[in-house]
Amino acid sequence: MLKVRELYMKYGIKSITMDDVAREMGISKKTLYQYIADKDDLVGKFVDNEIAIRREEICKCFGIGLNAIEELYEISFFMNKLLRDQNAATEYDLKKYYPQHYQKTLKASREGIYSYLLINLKKGIKEGLYRKDLNIEIIAKLYLWRSEDLRISDLWNVEEFTSIKFFMELLNYHFRGIATEKGIIALEKKVKELETAYNK
């Protein structure tokens, strides 16, 4: 799927024919059809692969000794990178011509991020970094809603809402609404580390 992914991410989906895919993979179209039924099937496999990649990358952020604030920074950095690297034509084609696959992607993304946020919030409360009185289901949905709304709002263009400056302000805004005093100290430490790294 790597070659297919490269083609779709670079040129969109609609403009890429099965001949293009076969040629890029160095096989005949006849051989290609031994593995897939048609283009819809190929797009479905592409979507499944994207979902798996995102799930694997986000899972890497857990279990590596980070506190809840550091962890959410890592997850958010990954999601921010996905938005920066995303070809708008790919998402447009998926939404317009393959709506069932688009809905699958949207559903998997929402459910996945929501569950990760719940895990992060529970961890932060346990560590004393987040307030104990939080309604974690509401906070997780607010974070998810805000992230999705940014992409469709005409207040920001892609360059603006995927910039490091915007990203830092958004996370700072989120954390200061849920953090304890201990959490604020951890947050400010993380912010200083990131500012130092990006100012080098």
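Bear in mind these aren't lab numbers, they're just calculated from the coordinates by the rules spelled out. Everything quoted here is computed from the prediction, not taken from an experiment. Positions of Cβ are generated from backbone atoms using ideal geometry, with glycine treated the same way; all protein chains shown enter the neighbour counts.
Dipole check for segment 2-198: with +1 at the C-beta of Lys and Arg, -1 at the C-beta of Asp and Glu, and the Cα centre as origin, the magnitude is about 320 Debye.
Close amide H contacts of Y130 (hydrogens built in the peptide plane, cut-off under 5 Å, sequence separation of 5 or more or a different chain): I125, T180.
Under 24 Å Cα to Cα from K95, which lysines show up? Leave out anything in the same chain fewer than 8 places away. Cross-link targets: K3, K10, K14, K39, K45, K81, K104, K107, K141. The convex hull around the C-alpha trace of segment 53-141, projected and averaged over every direction, spans 6.3 square nanometres. For the chain, the mean residue ellipticity at 222 nm estimated from helices alone is -25000 deg cm²/dmol, where every DSSP H run of n ≥ 4 contributes -39500 (n - 2.57) and the total is divided by all residues, rounded to the nearest 500. The loop-placed chymotrypsin sites (Phe, Trp or Tyr not before Pro) in segment 126-200, going by DSSP, that have at most 15 neighbouring Cβ atoms within 10 Å of their Cβ come out as W156.
Relative contact order of the chain, taken over Cα pairs closer than 8 Å and 6 or more residues apart, is 23 percent. Taking max minus min of the alpha-carbon positions on each principal axis, the chain gives extents of 63, 32, 32 Å, largest first.
Ordering N199, I58, G26 by the projection of their Cα atoms onto the charge dipole of the chain, which places +1 on the Cβ of Lys and Arg and -1 on the Cβ of Asp and Glu, puts I58 at the extreme positive end. Calculate one ³J(HN,Hα) per residue across segment 157-167 by plugging θ = phi - 60° into the Karplus curve 6.51 cos²θ - 1.76 cosθ + 1.60, and present them in order as whole Hz with x for glycine and proline. Karplus-based 3J(HN,Hα) across segment 157-167 equals 9, 4, 4, 5, 7, 10, 6, 4, 4, 5, 4 Hz. Straight Cα distances below 17 angstrom link K192 to the lysines K165, K182, K200, with same-chain residues fewer than 8 positions distant left out.
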